[in-house]
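Notes follow the structure.
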Amino acid sequence: MKKLTILVSIILFQTTEILAGPGGKIAKELFETPLGKFLGVIIFIIFLPLIIRSYLRTNKAIRETKKKLTQLTKIDFELFDEINLKNRVTDIFTRVHRGWSERDLENCEEFMTHWYRQNQQTVFLDEWDRKGMMNICSIEEIKKIKPIHLRLTENESFDGTRIMFVVNARMEDYLVNIEDSSILEGKKGFKDVETVWTLKLEDRNWKVDNIEQSDMVSSYMKMDSELTDEILGNLLTKSRV
């Protein structure tokens with residue numbers, strides 16, 4: 001039994017590593033094969049208790065983050081209202097992916113922090129141009145947007161505050177050779193993709209500051225919120241003065 005547990009753990013670890021690929025494309029392709037589907041079922045059954053525990057912890061983290069955002073609307077409704085934030089994430093998500101597809105992030109300047117835009121331009125777009133590659137990205141539907149963690153900066157404007165959102169979207173995302181349109185990574189077809197988007201507040205504008213794979217959700221759940229009830233109470237008191 002111990003050997004079986006070790007073997008399954010190794011398989012799960014390898015699968016987790018594969019999930020770290022861009023958009024989880026490789027992982028989804030793996031589990032679409034007959035052997036991959038069988039492997040996926042076995043892993044699911046063995047780790048079902050852990051999956052349920054993770055699901056409950058994730059929902060708890062989302063509820064707590066939403067509760068804090070609701071309380072913060074009493075201080076600044078425009079910045080922390082759930083609907084306003086959801087609309088902003090939707091806008092950012094759509095425009096940033098369009099920028100990648102068009103190989104031009106200039107029009108995304110107001111939706112990305114300067115650091116992140118420079119990072120994406122240098123690490124990805126410039127490198128793809130050099131290799132004659134292009135990212136084909138289409139969004140069919142944004143299914144869910146949920147806040148998972150909040151890092152509040154205690155200043156009058158809340159500048160520098162970060163909110164991490166889990167975004168689940170049905171989309172296709174693959175790389176092609178510009179010369180002959182051959183697919184270099186991923187494949188055509190729409191799939192459910194889950195990522196974690198960090199929005200940072202700069203001059204009363206929420207901008208994307210990082211994009212991570214879904215395996216980062218567990219890491220954010222382990223982080224203690226800096227916004228304690230005492231701090232929140234003090235902020236609410238100050239806002240009434």
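The values are calculated or read from the model by the stated rules, or taken from the named source; none is laboratory data. Quick caveat: nothing in here was measured; it's all calculated off a predicted structure. Cβ placement follows ideal geometry from the backbone for every residue including glycine, while neighbour counts extend to all protein chains displayed.
Kindly establish whether LEU56 is closer than 21 Å to SER219 by Cβ and exposed (fewer than 15 other Cβ atoms within 10 Å of the Cβ). Yes.
Pairs linking a residue in the stretch 188-210 that is more than 14 Å from CYS108 (Cα to Cα) and touching a residue at least 24 places away in the same chain (Cβ under 8 Å) to a residue that is among the hydrophobic types (A, V, I, L, M, F, W, C) and in a loop (DSSP other than H, G, I, E, B), with Cβ atoms under 9 Å and 6 or more positions apart or on different chains, are LEU201/PHE158; ARG204/PHE158.
Of all residue pairs spaced 6 or more apart or on separate chains, those with beta-carbon atoms under 6 Å, a first member in the stretch 66-90 that is touching a residue at least 40 places away in the same chain (Cβ under 8 Å) and a second member that is surrounded by 13 or more Cβ atoms within 10 Å (Cβ to Cβ) and aromatic (Phe, Trp, Tyr) are LEU69/PHE80; LEU72/PHE80; ARG88/TRP206; VAL89/PHE165.
Restricting to the stretch 162-208, count the residues that are closer than 12 Å to MET134 by Cβ and either surrounded by fewer than 16 Cβ atoms within 10 Å (Cβ to Cβ) or basic (Lys, Arg) (or both). Qualifying residue count for the region: 9.
Among the criteria (1) buried (at least 18 other Cβ atoms within 10 Å of the Cβ); (2) out of contact with any His (no Cβ under 8 Å at 6 or more places or on another chain), the one ALA61 does not fulfil is (2). Got at least one residue in the stretch 142-150 being among the basic types (Lys, Arg), over 22 Å from VAL89 (Cβ atoms) and either free of Cβ contacts under 8 Å to residues at least 40 places away in the same chain or buried (at least 18 other Cβ atoms within 10 Å of the Cβ) (or both)? There is no residue in the stretch 142-150 that is among the basic types (Lys, Arg), over 22 Å from VAL89 (Cβ atoms) and either free of Cβ contacts under 8 Å to residues at least 40 places away in the same chain or buried (at least 18 other Cβ atoms within 10 Å of the Cβ) (or both). Restricting SER101, SER138 to residues that are in contact with a helix residue (DSSP H, G or I) (Cβ under 9 Å, 6 or more places away or on another chain) and either basic (Lys, Arg) or over 29 Å from MET223 (Cα atoms) (or both) narrows the list to SER138. Name the residues in the stretch 95-113 that are surrounded by 19 or more Cβ atoms within 10 Å (Cβ to Cβ) and part of a helix (DSSP H, G or I), would you? Listed by number, the residues that qualify are VAL96, GLY99, TRP100, CYS108, PHE111. Counted as qualifying within the stretch 114-217 are the strands (runs of 3 or more DSSP E) with 1 or more residues that are closer than 26 Å to THR73 by Cβ, namely 133-151, 162-177, 191-202, 205-213. The listed residues are ILE75, ILE83, ILE92, and the only one of them that is modelled with pLDDT of 90 or more, more than 19 Å from ASN210 (Cβ to Cβ) and in a helix (DSSP H, G or I) turns out to be ILE83. Is it true that GLU109 is farther than 21 Å from LYS146 by Cβ and either out of contact with any Gly (no Cβ under 9 Å at 6 or more places or on another chain) or at pLDDT 90 or above (or both)? Against the criterion (farther than 21 Å from LYS146 by Cβ and either out of contact with any Gly (no Cβ under 9 Å at 6 or more places or on another chain) or at pLDDT 90 or above (or both)), GLU109 qualifies.
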